[in-house]
Every structure is written in structure tokens, then in C-alpha cells.
Amino acid sequence: MEAYTKANKPSGAISGESTDRSGAPSILEEKRKHLVLIEDDALNAKILQKILEREGYSITWFESGERFFERFDELSFDLVLLDVVLPGIDGLEVCRQLKSAEASAEAPVIFITARKDADDIVAGFEAGGADYIPKPFQPRETLARVRTHLQLRELHARQAAIIADLDAAVKARNRLLGVTAHDLRNPMISIQGFAEMLRDEAVGAVNAEQKEMAAFIASAATSMLELIDDLLDLSSIEAGELKLCKKENDLGEVINMAVFLYRGHAEGKEMTIEMKAPPSPVRCVFDSVRMKQVAENILSNAIKFSPAGARIEVEWGCSEQGGYFSVRDEGPGIPEAERDRLFQDYGKTSVRPTAGEKSTGLGLAICRKIVEAHGGSLNVGNLPDKGCEFKVTVPR
């Protein structure tokens, strides 16, 4: 049977606009919507067509699922009205095939049925249907259901377009961020190196004032390099380009190296770092370079936010979840209302470093993303007396 198509302008309607009996704007005010109707009863099909065409919809009618699929590749449609009981392929199977096809998966399917049994209605929803219209047809209800699902589809399409635009904008920002940070890194390394040479009098004697200025430049360059490295990490993580070289490593070796590097910083604030090592090595699968970065960042934060003379405790071992390490400090802890900020990009709390150290607000956010990329977790909690504990768990 040949497909039946018709799209008459409603009687008395002004060109380009129309309203139904409720006074709601017609679909003619927007792009004309094309509906597919699959119904084996010609009388029911003509009744439904008349209701929908008065609203300005374009209808293509098929009397069976087989006829519909013969024309499927050449059709473009916004919604399908589908009888449940059809000769040959029934409506439920037609719906399943529609939903499995990429080209039509987003088009809502409204079942037409005289059945009112709950099991039949649920079967339609399970097959992928969005709604159902009971027979005999009630014009206002029919139009309301069709209009609602077309509007929902339009909203979903707009939402998807907005998300796609945002995703493209984020990718563009990350590319710009990565390129800019990369181009800044080498000149900043040169500035840092020359400033340290002047400070250390490697190229000749300097007076006290010049030495102080060189030390200030070297310190500023170091802070800038830390920020640049954080920006490079952030851009690669958000672009999905974080590459992990995971293999079996001893977690204790990573912790010992981080403590060795930062012990001097701690001693500069008259702090002590105490280590609690397990009786045997803790072997896990992880990227040693990235995990060392996490350990260094957490240890650095403990030193920054603890007062002079504080004790920092570093512990590692095994738990039911896997290998872990924790860092406990004697700082003021994390205000409960501000805890959510801690792992957000550029997130900072009201707590400030005790010796005016710089903080980008990126370190912990990057650390959590690195740990989660390993399938692990990074959590923080306040201790009973004072200070807080950061704990990293890595699957074994």
C-alpha cells in the first residue's frame, strides 16, 4: 500500500499561524512537524489524521510495520503514533526496532491502544514508548499529548546543542590554556635559573640589596612555575589526555621520596615529620610519578597550613580497600561549610597558610582527579583535637 500524505491548512487560519480550541499557539508558528502514523484501521487513521492536520501537523500513514520499514530510510519524522495491535510485526516490536536505530532513537513513540490493562501499558513503556493515547480518541487530549512530547524533544535537542557548545568551548579553553602554559614554562625556568645564579653569586659578587632582590625574583618564578605546571596538568586532565604509566610499585618508596624532598621545608618552619611505616612493603599498581605528585602536594599543604613547631604524621599501609597513605597535620582543620570547595578547580577556603605561602587552589583538585584516574579515592576529615587528615587509597 502506498503511504498516504496530507497537510491541509486549517480552515480560516491566517497563513503562518493557528490556534487550537484552547487558544494555545499552533505548531505552525514554528517549523512544521512531520508525524508518522502506523495504524491498520483506516477509519481510526483518518479520524486521527483529521485531528492532527487541523493543528498543522504533516502526517504520513502506514497500515503496517512492514510497510513503514520499507520506506524507513527515506523518511524524516519528529514523532511516531503507533498502534499496539498490528498485522505482522506488532507495535511493541516496531517500537523496539525504532529505538535501536540511531536515526530514529530520539523520536518519541506514542502508542495508540484500546487496552487499559496496566500490564499492557507497562509493556509499551518497556519497549521504549513515551506515552499512549486511548481509543476512542479525544481531540484535546490527543493534541495535548502530541504537543507535549514534541516540545520535550525540542527541549532535549536544545539542551544537547548547548552541552555540545559548552564542551567545544571547554576544549578550546583547555587547548589555549595548555599552549599558553607550555610556552611560558621555558622562559620562566630561565628567569628562575638566572635569579638563583645572581642570588648565589655564581656570576660575581652582589650586594645585600641585590641578593635580596634576586631571591625575591627566584621565589616568584618558582611560584609561577608551580602555577604553570598546575595549569598544564588541569588542561590535560580535562581534555582526557592524562596518560598514566601504571605498574606495580612500592607505595613506601613514593612516600619516602616525597618526605625527603619536603623535610627541608618543614624544618624551615621548625616542624617535624614523623613516619609510620608498615612491617612489609605495600605493593600496588600505579603511576609512580603521578602518585609522588599527589603525595608531595598533600604534604606541602600540611606544611603550609600548620603553625611553626607543629608535628606532621605520615602513615601508609594496607586496608580492605587497598594500599593507602595518610597525612595528618596540626593546622586549624577545614571548616565544615567550606569542605566542598577543597577539591574544586581554583577552590580555596577561608583558612590561610601560616607563613604567607602561595596557593593556586588547583593542587588538591588535580590530586583527586589523578587518584580517581587510578580507581582510588582521596578524602579529608578533621581530627578530634586539631588539624585534619588527608587519606589516599589505591586499589591493590
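Each reported figure results from applying straightforward, stated rules to the coordinates on display, with no laboratory input. All figures in this text were calculated on a predicted structure; none of them were measured in a lab. Neighbour counts run over all protein chains shown; Cβ positions are idealised from the backbone, glycine included.
Per-structure values
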quantity: Set of lysines near residue 50 by C-alpha distance (under 17 Å), chain-local residues within fewer than 8 positions excluded; calculated: 6, 9, 33, 135
quantity: Burial ordering of 68, 125, 194, fewest other beta-carbon atoms within 10 Å first; calculated: 125, 194, 68
quantity: Mean-position separation - Cα centroids, segment 102-179 and segment 322-354, in angstrom; calculated: 42 Å
quantity: In degrees, nearest ten, helix 139-199 long axis to first principal axis of the chain (Cα); calculated: 20 degrees
quantity: Considering only the chain, percent of DSSP beta bridges that pair antiparallel, nearest 5; calculated: 55 percent
quantity: Gyration tensor verdict on segment 113-156 (Cα atoms; rounded if a/c is under 1.5, prolate if a/b is larger than b/c, oblate otherwise); calculated: oblate
quantity: P(r) of the chain over all Cα-Cα pairs, binned every 20 Å from zero, in whole percent; calculated: 21, 31, 23, 21, 4, 0
quantity: Across 247/304; 276/304; 171/243, pairs whose alpha-carbon gap is larger than 29 Å; calculated: 247/304
quantity: Value of Rg to Rh for segment 168-238 (Rh from inverse mean 1/r over Cα pairs, i.e. Kirkwood); calculated: 1.19
quantity: Cβ-placed point charges (K, R +1; D, E -1), dipole of the chain about Cα centre in debye, nearest 20; calculated: 500 debye
quantity: 0 to 90° range, to nearest 10: angle between helix 208-238 axis and the chain longest Cα axis; calculated: 30 degrees
quantity: On Cα atoms only, tilt of 91-100 relative to the major axis of the chain in degrees; calculated: 30 degrees
